[in-house]
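Colleague: Got a structure for you, written out below as structure tokens; questions coming shortly.
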Amino acid sequence: MKYCFGVDVGGTTVKMGLFSIDGNVLDKWEIPTHTENEGEAILPDIAAAIMKKTEERKILSEDIEGVGIGIPAPVDGEGVVQSTANLGWGYKAVKAELQALLGGMRVEAGNDANVAAMGEMWLGAGMGEKNIVMVTLGTGVGGGIVIDGRMLVGATGAGGEIGHMCVRRDEEETCGCGLHGCLEQYASATGIARLARKRLAANEDKSILRGTGMSAKDVFDAVKAGDSVAIQIAEEFGVYLGEAMANLAVIVNPAVIVIGGGVSKAGEVLLPYVEKPFRGKAFFANKDTRFVLAKLGNDAGICGAARLILS
């Protein structure tokens, strides 16, 4: 049997998976992410964990196709990152360094959001398709784009940063990236909560949201309960995200748009609010683009990382 490893590096833990080359997950585990001393231990820890697993499983080095790794930062085509927000790294030649630590074993590296999109294309909601967009709605808005089965990386590894498309030119508040009017300010979990606070402050309409923390979950729970104010907030969110996806679809022409992240846990109720404005603004060739919820959850990263080796 031939094997590969998928690694998903996060700020707190590193998720790891052992795969057969036909896509079966044979083992999953986690190790801590040691970010102290500029993250100097992260790659050695990953290499040690992989070598330990090969010994436990009695896997010969010639039977390992390689190791794929997803990093929470732009990663260029050579597997290099210039800096990371939460790993402590500055410039880091991830691919070359990990390959050396693993005795020359093949390594492929990518941005974690792009890698997650690869996972959903391979084993998740985009299975059977080669052209997908994945948008992850969490604290921020992440994104990954796969075209003809390959990640869209870009010149510096920043391809697919969907959350920082400008969707409102008159926005005065600043996005975390330093710009104004980014999609992230309206479609992330924090952005939806912000829309809710603004709408409720602007009127005295009765709403069950007034007795909550007005989180994104509270909003969609209230939508499910038929709350009219929550429905207006969901519609506003949907216009921002749906129209942004229509603009993106003109460029990349995806077969499927996969919605993941914490906000997607609201379930199928979420999709019509995004689909309606999308279809209203979509170029005719994109009218039939499907919207689906992500299926792999926290495993998308390790699955996509493994797919980097098997592509």
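Coordinate-derived values only; no laboratory data. All figures in this text were calculated on a predicted structure; none of them were measured in a lab. Here the Cβ is made from the backbone with ideal geometry for all residues, glycine too, and neighbour counts use every protein chain on show.
Colleague: How fast does the chain diffuse by Stokes-Einstein, in µm²/s, taking the Kirkwood radius from C-alpha pairs at 37 °C and 0.692 mPa s?
Modeller: D = 163 µm²/s.
Colleague: Let me ask something else about it. For Cα pairs less than 8 Å apart in space and 6+ apart in sequence, what is the mean separation divided by the residue count of the chain, i.e. the relative contact order in percent?
Modeller: The value is 21 percent.
Colleague: If you average 1/r across every pair of different Cα atoms in the stretch 128-294 and take the reciprocal, what Kirkwood value do you get, in Å?
Modeller: 16.2
Colleague: State the answer as a single residue: which of M121, H34, T12 lies farthest towards the positive end of the charge dipole of the chain, with beta carbon charges of +1 for Lys and Arg and -1 for Asp and Glu, about the Cα centre.
Modeller: So the residue we want is M121.
Colleague: In which sequence would S188, S215, S20 go, from the one with the fewest C-beta neighbours within 10 Å to the one with the most?
Modeller: S20, S215, S188
Colleague: Considering the chain as a Gaussian network with a 10 Å cut-off on Cα pairs, which listed residue, I46, I132, I208, attains the greatest mean-square fluctuation?
Modeller: Of I46, I132, I208, the Gaussian network model singles out I208 as fluctuating most.
Colleague: Based on the mean of other Cβ atoms within 10 Å per residue, sort peptides 75-84, 254-263 so the most packed one is first.
Modeller: The peptides rank, most packed first, as 254-263, 75-84.
Colleague: Could you please rank Y273, Y91, placing first whichever residue has the fewest other Cβ atoms within 10 Å of its Cβ?
Modeller: Starting with the residue having the fewest Cβ neighbours, the order is Y91, Y273.
Colleague: Among S61, S207, which comes first, then next, by fewest other beta-carbon atoms within 10 Å?
Modeller: The fewest-first ordering by Cβ neighbours comes to S61, S207.
Colleague: Here's another thing I want to ask about it. Straight-line reach only, C-alpha to C-alpha below 29 angstrom: list the lysines that K265 could link to, leaving out same-chain residues fewer than 8 apart.
Modeller: Hits, sequence-local ones excluded: K15, K28, K130, K198, K206, K217, K224, K276, K281, K287, K295.
Colleague: Which whole-number percentage describes the relative contact order of the stretch 61-187, with Cα contacts under 8 Å and a sequence gap of 6 or more?
Modeller: Relative contact order for the stretch 61-187 comes out at 20 percent.
Colleague: Once phi is turned into ³J(HN,Hα) by the Karplus curve 6.51 cos²θ - 1.76 cosθ + 1.60 with θ = phi - 60°, what whole-Hz value does each residue of the stretch 67-81 show in order, with x for glycine and proline?
Modeller: Each residue's phi maps through the Karplus curve to give 10, x, 9, x, 10, x, 5, x, 10, 7, x, 9, x, 10, 10 Hz.
Colleague: Going highest first, how would you order 216-224, 282-290, 105-113 by mean Cβ packing within 10 Å?
Modeller: 105-113, 216-224, 282-290
Colleague: Any idea what the relative contact order of the stretch 128-294 is, in percent, if you count C-alpha pairs under 8 Å spaced at least 6 apart?
Modeller: Rounded, it is 24 percent for the stretch 128-294.
Colleague: Something else about it: In deg cm²/dmol and to the nearest 500, what is the mean residue ellipticity at 222 nm of the chain if only DSSP H runs of at least 4 residues count, each as -39500 (n - 2.57), divided by the residue total?
Modeller: Roughly -11000 deg cm²/dmol at 222 nm, from the helical runs in the chain.
Colleague: So in the stretch 128-294, what percent of DSSP beta bridges are antiparallel if you round to the nearest 5?
Modeller: Close to 55 percent.
Colleague: Related question: List every residue whose amide H lies under 5 Å from the amide H of A109, counting only residues 5 or more places away in sequence or on a different chain, with H placed 1.01 Å from N in the peptide plane.
Modeller: HN-HN under 5 Å from A109: I69.
Colleague: While we're looking at this one, here's another question. Rounded to the nearest 5, what is the percent of antiparallel bridges among the DSSP beta bridges in the chain?
Modeller: The antiparallel proportion sits near 60 percent.
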